[in-house]
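Input: one structure, supplied below.
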């Protein structure tokens, strides 16, 4: 069991952190013995523990008592250990001395995390504020230069390894269903349905330019193949016939997605009201945010998708800043589709610090807006579904890979080889950290002039080559909700047996969760070794679990 001594304003962040690092913990009780105590306060009381971890970017009275000599504060640095580099967005305090260094400041010899021997326990003195870092990531998000770093998941991994390497058995519920390496959520924002809806407007003229001159320049630069160039020009020649109703509309791609995904059950986010650009849009040309279709125009396709096991969500317009309008958008999709439990992703990814509460008040089960418009990666530093600070029920499924961010010249504008390398990095991270890799591939992206379908097919093939659990956004959120509802009421153990007493709010208990017991190399202090093994035990819904340790 981990005991936590935190500052008063950190309580909600502490709770959320230990929903992500799902391990037995509680706020510290005086006089109780713990395997690990984590402290972020300036004056840590005397505790009974094997391992005391002090996170604090300020010099404390404890430092003086323990002979720890702080040197200086650093701001916006990366801390390194071997090949690991973790951004710190607040202060990082460096230390002087001969204690064993755990983390050093990148491009310097300064040490910001050390191990020292206490009289009765091992002490790790960490020069940054863990829960303040977590709060920053969940509330504000990372700058674009660190987009590719799963920073929050790295904080969890580092803490886990420190505990295990000090010879302490650790139990947790990994952020992935039993038998899988990671989860994948395929999503599609439906901003456009038919090019026939666009006649002599900026969308049509933009299509014509990108299909002709844009394709020609991309061909010369080696960004696209000759076959893609010819397909774009063919679409331009067909455009008059599409508008006359004499040729099939090549932007209508629902059937193509059904064929490409072959039952992988993705999520489509539909616009509730056409011709609404929305209020308070913080991007240039806000009038272009209005769409020429809404859910009423595609109700038949929505019915087909639902029958095939796909999910329908709301592509919100004003719900990010106005809960009343958010409810109107919710009810519009619910009325047309008959779906009463809905999630949302905001059109153009409009979002601010008040959006989670507004979206929750509108009645949504989850949001999937948190991601970058202009790059790919981890805005909030995690692959896990989390509860935004300040909400009670709403969950956030972060978005990681977006097609237009990869290929649009206004953003990364990468070639397929460059994009493939980055996507492989994110897939590798998912295999390491678990959680869910959320992918946005717009409805229009299989069609001219984008023609990003071949890359999407290749990406699906790579994902299926791993032990991957595919689910709709709602299915992924419900799995994480089930994990969140489990709490550890009691933990006891002998050398041979671990006993867990659990409490779960959900009466419908599935068997896709697993309890993982990390076992160090020995029961002695092995803080200088990173060797350990673990035991996985699938959970079948019981309140009491006994896990043999040998």
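Kindly indicate whether any position in segment 165-188 is part of a helix (DSSP H, G or I), modelled with pLDDT under 95 and either surrounded by 17 or more Cβ atoms within 10 Å (Cβ to Cβ) or not assigned by TED's automatic domain parsing to the domain that holds residue 66 (or both).
Yes: segment 165-188 contains one or more residues that are part of a helix (DSSP H, G or I), modelled with pLDDT under 95 and either surrounded by 17 or more Cβ atoms within 10 Å (Cβ to Cβ) or not assigned by TED's automatic domain parsing to the domain that holds residue 66 (or both).
Going through segment 23-47 one residue at a time, which ones are over 24 Å from residue 502 (Cα atoms) and loosely packed, with under 14 Cβ neighbours inside 10 Å?
Result: 43, 45, 46.
With the condition kept exactly as written, say whether any residue in segment 462-473 is touching a helix residue (DSSP H, G or I) at 6+ places or on another chain (Cβ under 8 Å), part of a loop (DSSP other than H, G, I, E, B) and at pLDDT 95 or above.
yes
Might you let me know whether segment 416-430 holds any residue that is within 27 Å of residue 216 (Cα to Cα), without any contact (Cβ under 8 Å) to a residue 12 or more places away in the chain and either touching a helix residue (DSSP H, G or I) at 6+ places or on another chain (Cβ under 9 Å) or part of a strand (DSSP E or B) (or both)?
There is at least one residue in segment 416-430 that is within 27 Å of residue 216 (Cα to Cα), without any contact (Cβ under 8 Å) to a residue 12 or more places away in the chain and either touching a helix residue (DSSP H, G or I) at 6+ places or on another chain (Cβ under 9 Å) or part of a strand (DSSP E or B) (or both).
Of the numbered conditions (1) buried (at least 18 other Cβ atoms within 10 Å of the Cβ); (2) under 29 Å from residue 90 (Cα atoms), residue 214 fails exactly one; give the number of that condition.
All conditions pass for residue 214, except number (2).
Does residue 511 satisfy being at pLDDT below 85 and either assigned by TED's automatic domain parsing to the domain that holds residue 261 or buried (at least 18 other Cβ atoms within 10 Å of the Cβ) (or both)?
Here the answer is no, as residue 511 does not meet what is asked.
The rows are residues; the columns are (1) farther than 23 Å from residue 138 by Cα; (2) touching a helix residue (DSSP H, G or I) at 6+ places or on another chain (Cβ under 9 Å); (3) surrounded by 13 or more Cβ atoms within 10 Å (Cβ to Cβ); (4) in the same structural domain as residue 28 (by TED's automatic domain parsing).
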residue	(1), (2), (3), (4)
50	yes, no, yes, yes
57	no, yes, yes, yes
60	yes, no, yes, yes
64	yes, no, no, yes
86	no, yes, yes, yes
96	yes, no, yes, yes
106	yes, no, yes, yes
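Also, I was wondering about something else. Any chance segment 481-496 includes a residue that's crowded, with 17+ Cβ neighbours inside 10 Å, modelled with pLDDT of 95 or more and closer than 30 Å to residue 239 by Cβ?
No, segment 481-496 contains no residue that is crowded, with 17+ Cβ neighbours inside 10 Å, modelled with pLDDT of 95 or more and closer than 30 Å to residue 239 by Cβ.
Only one of 261, 255 is at pLDDT 95 or above and in contact with a strand residue (DSSP E or B) (Cβ under 8 Å, 6 or more places away or on another chain). Can you tell me which?
It is 261.
Please note which helices (runs of 4 or more DSSP H) are completely contained in segment 213-312 and include at least 2 residues that are assigned by TED's automatic domain parsing to the domain that holds residue 369.
Here the list reads 254-261, 299-307.
The values are calculated or read from the model by the stated rules, or taken from the named source; none is laboratory data. Computed from a predicted structure; not experimentally measured. Here the Cβ is made from the backbone with ideal geometry for all residues, glycine too, and neighbour counts use every protein chain on show.
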